[in-house]
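The values are calculated or read from the model by the stated rules, or taken from the named source; none is laboratory data. Only a predicted model underlies this, so the values are computations on that prediction, with no experimental measurement involved. Using ideal geometry, Cβ is built from the backbone for each residue, glycine included, and neighbour counts are taken over all protein chains shown. All accessible areas refer to the heavy atoms of the entire protein, side chains included, with ligands and DNA or RNA removed. Shrake-Rupley method; radii C 1.70, N 1.55, O 1.52, S 1.80 Å.
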Amino acid sequence: MSQTVIQYEIYLPLQYNDGTWIEEEKYNDVHQRLFDRFGGVTHIMRDFPLRGSWRDHGEVYHDYVIVYTVIDFDGAANNSQFFGELKEELKGLFRQKEILITGVEITIF
């Protein structure tokens, strides 16, 4: 039996824009908040970050990022609002111009 659910991914940088490393407590808080809402969370460890590059108005940015993944098994209707508010909060907390959050339908078997 399979179930269609939404999987969300949150890409968080390891460094502020000035190159200073972001404090571990901020990631722990994000982890706990996601765990409390979704009942589970998976993330890439800080020791094994992804390398990302993106362009905004001609300026190129390079980041080391970790990805937090959660799955909405309950189909909460207000997740768009939740993630919209979370994104704005994370942009301030991590002092970033942008934070990438994606959501895709997946099938769980």
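Assorted remarks:
- Carbon plus sulfur fraction of accessible area for the chain, probe 1.4 Å, in percent: 51 percent
- In plain terms, the chain from V5 to D29 could stretch by 6.2 nm, reckoned as 0.36 nm per residue minus the Cα-Cα distance.
- On Cα atoms only, tilt of 24-38 relative to the major axis of the chain in degrees: 20 degrees
- Once the Cα gyration tensor of region 1-54 is diagonalised, semi-axes √(5λ) in Å: 26, 15, 9
- Between 0 and 90 degrees, the angle of helix 79-93 with respect to the longest Cα principal axis of the chain falls at about 20 degrees.
- Normalised size of the chain, defined as Cα radius of gyration per 2.2 N^0.38 Å with N residues, equals 1.12.
- Gyration tensor verdict on region 47-97 (Cα atoms; rounded if a/c is under 1.5, prolate if a/b is larger than b/c, oblate otherwise): prolate
- Once exposed loop GluC sites (Glu not before Pro) are cut out (DSSP; at most 15 other Cβ, 10 Å), longest piece of the chain: 24-97
- Heavy-atom surface of the chain, accessible at 1.4 Å and reported per residue (Å²): 64 Å²
- Helical content alone sets the calculated 222 nm signal of the chain at -9000 deg cm²/dmol, taking -39,500 (n - 2.57) per DSSP H segment of four or more residues and averaging over every residue.
- Region 1-49 and region 57-109: distance between their alpha carbon centers, rounded to Å: 9 Å
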